[in-house]
1. Of everything in the range 72-107, what is touching a helix residue (DSSP H, G or I) at 6+ places or on another chain (Cβ under 8 Å), more than 15 Å from the ligand (Cβ to nearest atom) and open to solvent by 10 Å² or more (accessible area, probe 1.4 Å)? Give them in sequence order.
2. Among 169, 160, 186, which is the only one that is buried (at least 24 other Cβ atoms within 10 Å of the Cβ) and away from the ligand (no atom under 16 Å from the Cβ)?
3. Tell me, please, whether a residue that is within 16 Å of the ligand (Cβ to nearest atom) and at pLDDT 95 or above can be found in the range 306-323.
4. Identify all residues within the range 296-320 that are surrounded by 14 or more Cβ atoms within 10 Å (Cβ to Cβ), touching a residue at least 40 places away in the same chain (Cβ under 8 Å) and either of a type in the set (Lys, Arg) or within 19 Å of residue 342 (Cβ to Cβ) (or both); write none if there are none.
5. Return the residues of the range 111-126 that are away from the ligand (no atom under 16 Å from the Cβ) and without any contact (Cβ under 8 Å) to a residue 12 or more places away in the chain; say none if nothing qualifies.
6. Would you pick out the residues in the range 16-41 that are surrounded by fewer than 14 Cβ atoms within 10 Å (Cβ to Cβ) and assigned to a loop (DSSP other than H, G, I, E, B)?
7. In the range 255-282, what count of residues is obtained for those that are of a type outside the set (Val, Ile, Thr), open to solvent by 20 Å² or more (accessible area, probe 1.4 Å) and touching a residue at least 12 places away in the same chain (Cβ under 8 Å)?
8. Do you know which residues across the range 240-253 are in contact (Cβ under 8 Å) with a residue 40 or more places away in the chain and in a helix (DSSP H, G or I)?
Amino acid sequence: MPVVAGPPPSANGGALNPPIQRVSTVIFPTMDAYIERHKGLYDDVIYGLYGTETSFALAEAIARLENGRKTLLTGSGTSAIAQALSAFVSAGDHVLVADNVYGPTRRFCGEVLSRFGVVVAYFDPLRIDALVPAIQAKTRVIYLESPGSQTFEMTDVPAIATLARARGIKTIVDNTWASPLFFKPILAGVDVSLASATKYLSGHSDVLMGALTTADEATFRALKDSTARWGEHASPDDCYLVHRGLRTLAVRMARHQENALTLANWLAGHPEVMRVLCPALPSDPGHAIWKRDFRGASGLFGVILKRRSHRANAAMCDHFRYFKLGSSWGGFESLMVPSWPPPIRNHGAGPIDGDLFRIHAGLEDVQDLIGDLDRALAHRAAYAD
Ligand SMILES: *Cc1c(COP(=O)(O)O)cnc(C)c1O
């Protein structure tokens with residue numbers, strides 16, 4: 001479906017791909033049309049800041065993949081997080097955030113939301129029984145990420161969405177890991193599905209973008225009203241590139257999954273490895289939820305290596321030929337980076353009893369990647385501390 005998602009070519013004079021519409025000023029034919037232009041805020045091109053034919057085409061395609069009502073595009077995944085978290089709260093309101101979220105999400109809550117008088121509390125994403133008593137009269141949003149960044153713990157998203165909806169609380173899920181191909185938060189009852197389109201949707205490590213897909217029109221409008229005030233925008237050239245990325249999303253995800261599972265299984269049997277953090281492995285504590293709710297696994301997983309010195313870890317990383325050291329993920333290339341500083345938790349220390357690394361399995365030949373890991377881990381093990 002990602003191959004054909006978006007407006008049909010007949011909408012663009014037969015051009016197979018949506019044209020790049022570069023525009024700030026839009027001209028209106030009459031004074032009355034100009035005065036009334038803001039009525040088109042949600043669906044029409046009224047000013048470049050609020051959307052172009054190119055961004056509307058991509059938004060339509062992503063909304064369809066997510067089984068959502070509508071999608072709003074932002075300048076980055078990080079800005080999508082900031083926009084989603086600020087759209088539904090006022091001073092004095094309360095937000096509950098899963099303890100395993102992406103680090104910058106936590107920082108936005110602690111460094112920005114708190115300055116505006118919004119109270120943020122964290123809950124253990126593995127314990128729904130502990131979530132219910134944490135809900136307050138002023139709780140407006142429950143924010144989730146499954147599996148969580150760094151620790152890859154799975155959350156029971158449908159159960160939390162159900163209990164939140166019964167109380168009139170909005171749920172937001174960061175669905176970047178799975179992509180809309182492997183998990184559909186909206187079908188699980190969530191109000192807003194968030195993606196860093198920088199990752200799999202674009203897929204080539206050359207674009208930054210965020211996407212917020214809503215379950216209904218009212219949630220979309222509330223988000224758009226708020227993002228318009230912040231001046232949030234996704235450039236038409238970047239929208240074009242992400243739309244192009246969508247064409248190959250399904251074949252890329254299949255290969256990311258295949259390579260990741262091969263690497264994860266190989267690593268699980270390696271003497272340097274204490275544990276592999278990947279919900280697609282039957283031994284993983286989150287496997288049952290993953291199997292029930294997800295249609296596949298992406299290329300990103302964690303590995304806890306036996307504790308060794310900083311120099312031994314550097315010896316490993318500095319001997320890679322294929323694996324790269326770099327932030328972000330979701331592109332064609334394989335990455336392996338230390339999770340340092342280790343993830344912050346309010347509830348328990350997390351599963352970190354060795355040296356935690358994060359692997360992104362790219363699209364390379366998996367035998368090359370295994371050879372690379374084998375050599376680098378041998379350097380690590382042989383390093384005289
Ligand atoms: C990378 C990432 C983001 C942020 O995306 P950017 O486009 O880099 O700002 C958000 N959530 C998750 C889970 C991510 O991995």
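The values are calculated or read from the model by the stated rules, or taken from the named source; none is laboratory data. Given the structure is predicted, the values throughout are model-derived calculations rather than measurements. We place every Cβ from the backbone using ideal geometry, glycine too, and count neighbours over all the protein chains shown. Only protein heavy atoms, including side chains, enter the accessible area calculation; ligands, DNA and RNA are left aside. Shrake-Rupley method; radii C 1.70, N 1.55, O 1.52, S 1.80 Å.
1. As a first pass, look at the range 72-107 and keep what is touching a helix residue (DSSP H, G or I) at 6+ places or on another chain (Cβ under 8 Å): 72-74, 78, 81-89, 91, 95-97, 102, 104-105.
Those left that are additionally more than 15 Å from the ligand (Cβ to nearest atom): 86-89, 91, 95-96.
Scanning the range 72-107 gives 86, 87, 88, 89, 91.
2. On the way: 169 fails: buried (at least 24 other Cβ atoms within 10 Å of the Cβ); 186 fails: buried (at least 24 other Cβ atoms within 10 Å of the Cβ).
Answer to the selection: 160.
3. Residues of the range 306-323 within 16 Å of the ligand (Cβ to nearest atom): none.
No, the range 306-323 contains no residue that is within 16 Å of the ligand (Cβ to nearest atom) and at pLDDT 95 or above.
4. Of the residues in the range 296-320, the ones surrounded by 14 or more Cβ atoms within 10 Å (Cβ to Cβ) are 296-306, 308, 312-317, 319-320.
Still in the list and also touching a residue at least 40 places away in the same chain (Cβ under 8 Å): 296-306, 308, 312-313, 315-317, 319-320.
Correct list: 300, 301, 302, 303, 304, 305, 306, 308, 312, 313, 316, 317.
5. 114, 115
6. Initial filter on the range 16-41 (surrounded by fewer than 14 Cβ atoms within 10 Å (Cβ to Cβ)): 16, 22, 24-25, 27-36, 38-39.
Listed by number, the residues that qualify are 16, 22, 24, 25, 27, 28, 29, 30, 36.
7. Start the filter on the range 255-282 by keeping residues that are of a type outside the set (Val, Ile, Thr), which leaves 255-261, 263-272, 274-275, 277-282.
Now restrict to residues that are open to solvent by 20 Å² or more (accessible area, probe 1.4 Å): 255, 257-258, 261, 265-266, 268-271, 274-275, 282.
Add one more test, that the residue is touching a residue at least 12 places away in the same chain (Cβ under 8 Å), and what stays is 255, 257-258, 261, 265-266, 268, 270-271, 274-275.
The number of residues fulfilling the criteria is 11.
8. Residues of the range 240-253 that are in contact (Cβ under 8 Å) with a residue 40 or more places away in the chain, as a first pass: 240, 242-250, 252-253.
The answer is 240, 242, 243, 244, 245, 246, 247, 249, 250, 252, 253.
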